[in-house]
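Trainee: What follows is a single structure, and I will ask about it in a moment.
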Amino acid sequence: MLALSNVTAGYGAFTALWDVSLRVDAGEAVAVVGPNGSGKTTLMRVISGLIAPRAGTLTFEGKAIGGRPAYEIVGHGIAHVPEGRRIFPALSVADNLKMGAFLPAARATFAESLARVHALFPALAERRAQRAGSLSGGEQQMLAIGRALMSRPKLILLDEPSMGLAPVMVLRLFDLIRRVRQEGYTILVVEQNVRQVLKLVDRAYLLEVGRIKMEGQAAALAEQDFVRKAYVGL
Amino acid sequence: MIDPVFLAEAAINGLLLGGVLALLALGLNLIFGVIDIVWIAYVDLVMLCMYAVYFVVQVYGWPIWVGGLVSVALGALLGIAVHLLIISPILTSAPVNQLLATGGLLFFLQSFATFLWTTDHRSVRLALPRLEILDMPISVARLIAFALAIVAMLGLYLFLTRTYIGTAIRAVSQDREAMALMGANPQRVYVVTSAVGGAMAGLAAALLIIQYAVHPFFGAAFGPITFMICVLGGLGNMVGAFVASFIMSEVIAVSGVIWSTEMGYVIAFVVFIVMIFVRPGGILARRG
């Protein structure tokens, strides 16, 4: 579904990603784990078009998407839930979801998408008239994911969904992401919470200093001594 | 002691002036809130539109409402042109360069208007009556201007809250990049915003020319007060700008009657400077 081959990207003179190749198949959940500053967020941004790759190719369902602007890529069916949630704080919850369905194709199925999002996250239905900025951190993350689902994506990019959440909320959030998965969405998730995320996904990549260091089935990766010591904390 | 009737009359005039000032401040603030650039030459676009109304109505003899429509359309086109020709190329450069560019446009427009139309004051003469309410003469032109300004602002409010593109404009002002992830081309949102802001300048021009004469330096007369209102209300804060317009117009009108017109502006600036220290984020800024 999504394939990156030898992608290099960065900001100005700084290169954050070197020669990264990865793939996500339809229906899969894939994680990219790695320490702070390893290039995980850059990877997400290059896929969703917020930054252009310097080299390498990106294809989504056979179409080349490398270097296309973000507002175009979402139309192909890739929704990016950015790091730090980035909801529109002064808009109501309902208006945030409305913006998720900004594209004409998504607008046409607005009512149906909204019903699905409300079924997944009932809290968003209860708080629809509230200012998004007044929601709790967990609810804001649900809103960010719900807003992404409104665009009717095929692939969802989740960048550090558990960041800044209380431990009990982190567990709930991973349950919710599991439910999103069961709905049939393909997921690419970047997380620092390695132990939780490896329980969620099928496969994972380990990214270090901008390069893919390891790749494998989530369960197998979690068993690697190296990964356990460094990230799982066992 | 000043006759309370004079004070009441000043207060009413202040209120009526506040409506048109609010229209100007909202247009400027909308553009700033979304694109993050202050159009120093905003009121000079108003000046150009006032000339347009003058020519359409006074020189070519069309009815005033035609002049108004021409002015709104011209304002929208000027807004788009300013964005595409001046703002767009410098969108990512340093703020000081952006100020210099839009400031340069101001001097260009003033000189251009002087070159074309000289410094003569020109006005549109409409046969509008003056009303007497409780011994107070009230200008019908001002009443009409006030009413239309309020209707236009209501329309803007509905546009920004009830339509997809209006909500997207507010969303872009909060997070440009996140809105790109929703599928909105920022450049298109900017063009729409500039057109709406320009159209508001055009409407304000039509409402001003029935009260004031136009000359090439009209922008210098109304520009500073418009910027003060925007800053006082909190740059980008639409409700704040609306409230601040009436505060400033009342200060000018009432102290103008108590002392003199010049003193009215002096006091307005003093109020402004004090408020900058007391509430630097604007009168309605959220604390914390």
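The values are calculated or read from the model by the stated rules, or taken from the named source; none is laboratory data. On a predicted model such as this, the values are computed, not experimentally measured, just so you know. Positions of Cβ are generated from backbone atoms using ideal geometry, with glycine treated the same way; all protein chains shown enter the neighbour counts.
Trainee: In the range A:95-114, which residue that is of a type in the set (A, V, I, L, M) and not in a helix (DSSP H, G or I) is nearest to A:VAL81 (Cα to Cα)?
Mentor: Applying the filter and picking the extreme gives A:ALA101.
Trainee: Quickly run through the range B:57-87 and pick out the residues that are in contact with a helix residue (DSSP H, G or I) (Cβ under 7 Å, 6 or more places away or on another chain) and among the hydroxyl-bearing types (Ser, Thr, Tyr).
Mentor: B:SER71
Trainee: Okay, moving on. When you scan the range B:36-48, do you find a residue that is in contact with a Lys or Arg (Cβ under 9 Å, 6 or more places away or on another chain), among the β-branched types (Val, Ile, Thr), closer than 30 Å to B:GLY282 by Cβ and crowded, with 22+ Cβ neighbours inside 10 Å, even just one?
Mentor: No, that holds for no residue.
Trainee: Can we say A:LEU158 is buried (at least 23 other Cβ atoms within 10 Å of the Cβ), within 26 Å of B:GLN174 (Cβ to Cβ) and within 14 Å of another protein chain (Cβ to nearest Cβ)? Even if it seems obvious, please write down each step before you answer.
Mentor: On the way: buried (at least 23 other Cβ atoms within 10 Å of the Cβ): yes; within 26 Å of B:GLN174 (Cβ to Cβ): yes; within 14 Å of another protein chain (Cβ to nearest Cβ): yes.
Judged against the criteria, A:LEU158 is a match.
Trainee: Name the residues in the range A:18-41 that are of a type in the set (Asp, Glu), under 20 Å from A:PRO53 (Cα atoms) and not in a strand (DSSP E or B), would you?
Mentor: Selection gives nothing.
Trainee: With the checklist (1) within 14 Å of chain A (Cβ to nearest Cβ); (2) free of Cβ contacts under 8 Å to residues at least 12 places away in the same chain; (3) β-branched (Val, Ile, Thr) in hand, flag the one item B:VAL189 doesn't pass.
Mentor: Condition (2) is where B:VAL189 drops out.
Trainee: While we're looking at this one, here's another question. What are the residues in the range A:7-28 that are closer than 16 Å to A:ILE212 by Cβ, charged (D, E, K, R) and either in contact (Cβ under 8 Å) with a residue 60 or more places away in the chain or in contact with a helix residue (DSSP H, G or I) (Cβ under 9 Å, 6 or more places away or on another chain) (or both), if any?
Mentor: A:ASP19
Trainee: Which of the residues spanning the range B:44-75 are within 21 Å of B:ILE86 (Cα to Cα) and touching a Ser or Thr at 6+ places or on another chain (Cβ under 6 Å)?
Mentor: Once the filter is applied, which keeps residues that are within 21 Å of B:ILE86 (Cα to Cα) and touching a Ser or Thr at 6+ places or on another chain (Cβ under 6 Å), the range B:44-75 yields only B:CYS49.
Trainee: Quick one: B:ALA141 ticks every box in (1) surrounded by 17 or more Cβ atoms within 10 Å (Cβ to Cβ); (2) within 23 Å of B:MET200 (Cα to Cα); (3) within 14 Å of another protein chain (Cβ to nearest Cβ); (4) out of contact with any helix residue (DSSP H, G or I) (no Cβ under 7 Å at 6 or more places or on another chain) except a single one, so which number is it?
Mentor: Condition not satisfied by B:ALA141: (3).
Trainee: Residue under question is B:MET248, and the condition is that it be under 21 Å from B:LEU156 (Cα atoms) and either at pLDDT 90 or above or surrounded by 21 or more Cβ atoms within 10 Å (Cβ to Cβ) (or both); does it hold?
Mentor: no
Trainee: Hey, another quick one. Please work out which one of (1) buried (at least 16 other Cβ atoms within 10 Å of the Cβ); (2) more than 14 Å from chain A (Cβ to nearest Cβ); (3) farther than 19 Å from B:ALA25 by Cα; (4) at pLDDT below 95 is the condition B:ASP135 fails and give its number.
Mentor: (1) is the only condition that B:ASP135 fails.
Trainee: State whether the residues of the range A:184-192 include one that is more than 22 Å from A:GLY75 (Cα to Cα) and not β-branched (Val, Ile, Thr).
Mentor: The answer is yes, given that some residue of the range A:184-192 is more than 22 Å from A:GLY75 (Cα to Cα) and not β-branched (Val, Ile, Thr).
Trainee: Okay, moving on. Within the range A:66-117, which residues are within 8 Å of chain B (Cβ to nearest Cβ) and among the hydroxyl-bearing types (Ser, Thr, Tyr)?
Mentor: A:TYR71
Trainee: Exactly one condition in (1) closer than 23 Å to B:VAL34 by Cβ; (2) in contact with a strand residue (DSSP E or B) (Cβ under 9 Å, 6 or more places away or on another chain); (3) not hydroxyl-bearing (Ser, Thr, Tyr) is false for B:ALA213; which is it?
Mentor: (1)
Trainee: Does A:ALA125 satisfy being surrounded by fewer than 23 Cβ atoms within 10 Å (Cβ to Cβ), part of a helix (DSSP H, G or I), over 18 Å from the mean Cα position of the chain (by Cα) and within 11 Å of chain B (Cβ to nearest Cβ)?
Mentor: It is false that A:ALA125 is surrounded by fewer than 23 Cβ atoms within 10 Å (Cβ to Cβ), part of a helix (DSSP H, G or I), over 18 Å from the mean Cα position of the chain (by Cα) and within 11 Å of chain B (Cβ to nearest Cβ).
Trainee: Enumerate the pairs (first residue in the range B:157-184 and more than 9 Å from every other protein chain (Cβ to nearest Cβ) and within 18 Å of A:GLY146 (Cβ to Cβ); second residue anywhere and among the aliphatic types (A, V, I, L, M) and not in a helix (DSSP H, G or I)) with beta-carbon separation below 7 Å, excluding pairs fewer than 6 apart on the same chain, so at least 6 apart or on different chains.
Mentor: Matching pairs, first to second residue: none at all.
Trainee: Name every residue in the range A:66-93 that is without any contact (Cβ under 8 Å) to a residue 40 or more places away in the chain, of a type outside the set (Gly, Ala, Ser) and buried (at least 19 other Cβ atoms within 10 Å of the Cβ), in order of residue number. Full working, then the answer.
Mentor: Restricting attention to the range A:66-93, the residues satisfying the condition of being without any contact (Cβ under 8 Å) to a residue 40 or more places away in the chain are A:67-73, A:75-76.
Then drop every residue that is not of a type outside the set (Gly, Ala, Ser), which leaves A:68-69, A:71-73, A:76.
Those that are without any contact (Cβ under 8 Å) to a residue 40 or more places away in the chain, of a type outside the set (Gly, Ala, Ser) and buried (at least 19 other Cβ atoms within 10 Å of the Cβ): A:TYR71, A:ILE73.
Trainee: Also, quick follow-up: For the range B:109-127, enumerate the residues that are loosely packed, with under 13 Cβ neighbours inside 10 Å, assigned to a helix (DSSP H, G or I) and not polar (S, T, N, Q). Talk me through it step by step, then tell me what you get.
Mentor: Filtering the range B:109-127 down to residues loosely packed, with under 13 Cβ neighbours inside 10 Å leaves B:111, B:115-116, B:118-121, B:125, B:127.
Cutting the leftovers down to assigned to a helix (DSSP H, G or I) gives us B:111, B:115-116.
Of everything in the range B:109-127, those that are loosely packed, with under 13 Cβ neighbours inside 10 Å, assigned to a helix (DSSP H, G or I) and not polar (S, T, N, Q) turn out to be B:PHE115, B:LEU116.
Trainee: Is there a residue in the range B:58-76 that is assigned to a helix (DSSP H, G or I), out of contact with any strand residue (DSSP E or B) (no Cβ under 9 Å at 6 or more places or on another chain), of a type in the set (S, T, N, Q) and under 12 Å from B:GLY202 (Cα atoms)?
Mentor: Yes; the residues of the range B:58-76 include at least one that is assigned to a helix (DSSP H, G or I), out of contact with any strand residue (DSSP E or B) (no Cβ under 9 Å at 6 or more places or on another chain), of a type in the set (S, T, N, Q) and under 12 Å from B:GLY202 (Cα atoms).
Trainee: Does the range B:217-236 hold any residues that are assigned to a loop (DSSP other than H, G, I, E, B), crowded, with 22+ Cβ neighbours inside 10 Å and either within 14 Å of the chain's Cα centre (by Cα) or aliphatic (A, V, I, L, M) (or both), and which are they?
Mentor: Of everything in the range B:217-236, nothing turns out to be assigned to a loop (DSSP other than H, G, I, E, B), crowded, with 22+ Cβ neighbours inside 10 Å and either within 14 Å of the chain's Cα centre (by Cα) or aliphatic (A, V, I, L, M) (or both).
Conditions tested, residue by residue: (1) within 14 Å of another protein chain (Cβ to nearest Cβ); (2) buried (at least 20 other Cβ atoms within 10 Å of the Cβ); (3) acidic (Asp, Glu).
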| residue | (1), (2), (3) |
| --- | --- |
| A:MET142 | no, yes, no |
| A:SER151 | yes, yes, no |
| A:MET163 | no, no, no |
| A:VAL170 | no, no, no |
| A:ILE177 | no, yes, no |
| A:GLU183 | no, no, yes |
| A:LEU188 | no, yes, no |
| A:GLU191 | no, yes, yes |
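Trainee: Restricting to the range A:43-55, count the residues that are among the small types (Gly, Ala, Ser) and surrounded by 18 or more Cβ atoms within 10 Å (Cβ to Cβ).
Mentor: Initially, the range A:43-55 is screened for residues among the small types (Gly, Ala, Ser), giving A:48-49, A:52, A:55.
Still in the running and surrounded by 18 or more Cβ atoms within 10 Å (Cβ to Cβ): A:48-49.
Result for the range A:43-55: 2.
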